[in-house]
Amino acid sequence: MAYVIKRYSNRKLYDTQESRYVTLEEIEEMIRAGKEIGVVDAASGEDLTSVTLAQIILENERNHRAALPTAFLHQLIKHGEAWQDFVQRSMKSSLEGVVSNQREMERIFQDWASRAGWGILAPRPDAKRDGAEPDADRLREEVSALRERLRSLEERLERRKNQAK
């Protein structure tokens, strides 16, 4: 279910699930965490999701966290809707390809893990079930900790790149 964010006439954003005001940065964090966000005008109910997401992208550009090429932005404005439709179709296709590749990599890894005898990642029919659950929970915790550490390292790397500019 999409998180519903209401935008008021004073430009404040209100998270209806958490019952609190949020910033664009917090919405960006929600999206990065995998939450589906929907933004609506509090008075009219008009869908403002794409406008808000574009605002987040532009704020990142202004803060130099993203680097959209100027030539790309010129072409986007110059060719209007036709160019925007093309970019939208291209990005959708690219994202579908990324998701497909990720699923294929997971399938290959699971196959490789089962061949390596890591029955917890890819259960074997002859594997005993008792005792497997605590190991699976431990591995989930390890994976979660590694993901958090990777996220932290990526943030540090990005800060260093920005400082070097």
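Quick note: the coordinates plus some simple rules give every number you see, no bench work behind them. Everything quoted here is computed from the prediction, not taken from an experiment. Methodologically, a virtual Cβ is constructed for each residue, glycine included, from the backbone with ideal geometry; neighbour enumeration extends over all protein chains shown.
Hey, rough spin-label estimate for D85 and E25, points 7 angstrom out along Cα→Cβ, what's it come to in nanometres?
According to this spin-label approximation, the distance is 3.9 nm.
State, to one decimal in nm, how far the label point of E141 lies from the label point of E36, with both points 7 Å from Cα in the Cβ direction.
The two pseudo-label positions are separated by 3.2 nm.
From the phi angles alone, apply the Karplus equation (6.51, -1.76, 1.60; θ = phi - 60°) to the range 39-55 and give each ³J(HN,Hα) in whole Hz, x where the residue is Gly or Pro.
Result, rounded to whole Hz: 10, 10, 5, 5, 7, 9, x, 4, 6, 10, 4, 5, 5, 5, 5, 5, 4.
Just checking my list [x] 2.07; [y] 1.40; [z] 1.02 against Cα Rg over 2.2 N^0.38 Å computed from this structure; which label fits?
[y]
How much mean residue ellipticity at 222 nm does the chain get from its helices, if each DSSP H run of length 4 or more adds -39500 (n - 2.57) and you divide by all residues, to the nearest 500 deg cm²/dmol?
Theoretical 222 nm ellipticity from helices: -22000 deg cm²/dmol.
Neighbour counts of other C-beta atoms within 10 Å: give me I37, I5, I27, I108 arranged from fewest to most.
So the residues, fewest neighbours to most, are I108, I37, I27, I5.
With a cut-off of 8 Å between alpha carbons and a minimum separation of six or more residues, what is the relative contact order of the range 3-62 in percent?
30
Counting only other residues whose beta carbon sits under 15 Å from that of S90, what net charge do I get with K and R as +1, D and E as -1?
Once positives and negatives cancel, what remains is -1.
Relative to the present Cα-Cα distance, how much length would full extension add between E18 and R160 at 0.36 nm per residue of separation?
47.7 nm
Whose amide H sits under 5 Å from the amide H of Y3, counting only residues 5 or more places off or on another chain, with H placed in the peptide plane?
For Y3, the qualifying residues are E36, I37, G38.
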